[in-house]
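The values are calculated or read from the model by the stated rules, or taken from the named source; none is laboratory data. The structure displayed is predicted, hence computed values, not measured ones. In this analysis, Cβ positions are derived from the backbone assuming ideal geometry, glycine residues included, and neighbour counts consider all displayed protein chains.
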Amino acid sequence: MKRIAQLFLLLSLLFLSTVWGEGQSLQFQFSMVKIDTTFEAAPPTKVSQLMARYRPEMERRMMTVLGHAPREMRAFRPESPLSNFAADALLAVANQISQEPVDFSLTNFGGLRASFPKGEVRLYDVYAVFPFENTLVILEMEGKDVAALFHTFAQRNRMEAIANVKIEIENGKVQNLWIANAPFDPDRRYRVATIDFLLGGGDSVSALKNAVEVQETGITIRDAVVQYISMLQSDGKEITTSIEGRVKMVNK
């Protein structure tokens, strides 16, 4: 400990010598600080008392079992069970609330921060995977802007999570693109379910800013996933999806 203290003092003096002007003097004063009971936490404040009051109920709710997953679901590029599940959830909920059919959905891998465990999936697990307050938005986009969106992904050689899309990328170029089970049509408009983070240009996804219409739902992606799981449960289905070949990337 003595050597560490000496080293810290030496480094401090070296740093100060580089920022202190000539002709100026410095004075130091040191004292021993005991790490004892005087450093124990202060008495509970009103805020901490309020938090303590509601913590048991919050913890109980977080442990609520939403459904069952037959296998662990993780996220990895270019396509994974968890990323497909997240995109499927956005698409399903968007189609529930939209007056017109939504063609495809898009969310980012960066928003998937954990995995769903095999077995019971709790509300806690949904919060762990989706910790951000990103909300579902439904866009209407010109075909040219949708093309620009996927060409940008191809050039970066990095796709985000998608649903109702099949895309083939070779050497940084889009070779084939299907949306809603039909070949991509640059002359039509598409309705897209995504999150406000990407709409605002997050992860450098700038093409979405050109949307001709934006519907803000106020539903977080986390709540959309919970709602989607409830839909699956109502149909007697488990929390699962698979790698379906939505994204094919070839670099020769």
Would you mind stating whether S83 is among the polar types (S, T, N, Q), in a helix (DSSP H, G or I) and buried (at least 22 other Cβ atoms within 10 Å of the Cβ)? yes
Can you name the residue in segment 168-193 that is in a loop (DSSP other than H, G, I, E, B) and over 18 Å from A207 (Cα atoms) and, of all such residues, is nearest to the chain's Cα centre (by Cα)? A180
A86 being of a type in the set (A, V, I, L, M), in contact with a helix residue (DSSP H, G or I) (Cβ under 8 Å, 6 or more places away or on another chain) and modelled with pLDDT of 60 or more: yes
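For (1) over 28 Å from E72 (Cβ atoms); (2) at pLDDT below 95; (3) in a helix (DSSP H, G or I), each residue gets a yes or a no:
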| site | (1), (2), (3) |
| --- | --- |
| M141 | yes, no, no |
| A154 | yes, no, yes |
| R158 | no, yes, no |
| K166 | no, no, no |
Under 9 Å between Cβ atoms, which residue pairs at least 6 apart in sequence (or on different chains) link something in segment 231-252 that is within 15 Å of F76 (Cα to Cα) and modelled with pLDDT of 95 or more with a partner that is assigned to a strand (DSSP E or B) and of a type in the set (S, T, N, Q)? K248/Q175; K248/N176
What are the pairs with Cβ atoms under 7 angstrom where one residue, in segment 149-174, is in contact (Cβ under 8 Å) with a residue 24 or more places away in the chain and the other, located anywhere, is hydroxyl-bearing (S, T, Y) and in a helix (DSSP H, G or I)? Sequence gap at least six, or different chains. A161/S83
Here are A94, A75, A69: which of them is modelled with pLDDT of 95 or more and within 15 Å of L136 (Cα to Cα)? A94
With respect to S204, is the statement that it is within 22 Å of the chain's Cα centre (by Cα) and either loosely packed, with under 12 Cβ neighbours inside 10 Å or of a type in the set (K, R) (or both) true? yes
Condition test on I169, is it of a type in the set (A, V, I, L, M), buried (at least 19 other Cβ atoms within 10 Å of the Cβ) and under 23 Å from I97 (Cβ atoms)? no
Within segment 118-160, take every residue that is of a type in the set (D, E) and farther than 16 Å from I179 by Cα and give me the one that is surrounded by the fewest Cβ atoms within 10 Å (Cβ to Cβ). E133
Considering only segment 50-67, how many residues are within 26 Å of the chain's Cα centre (by Cα) and of a type outside the set (D, E, K, R)? 7
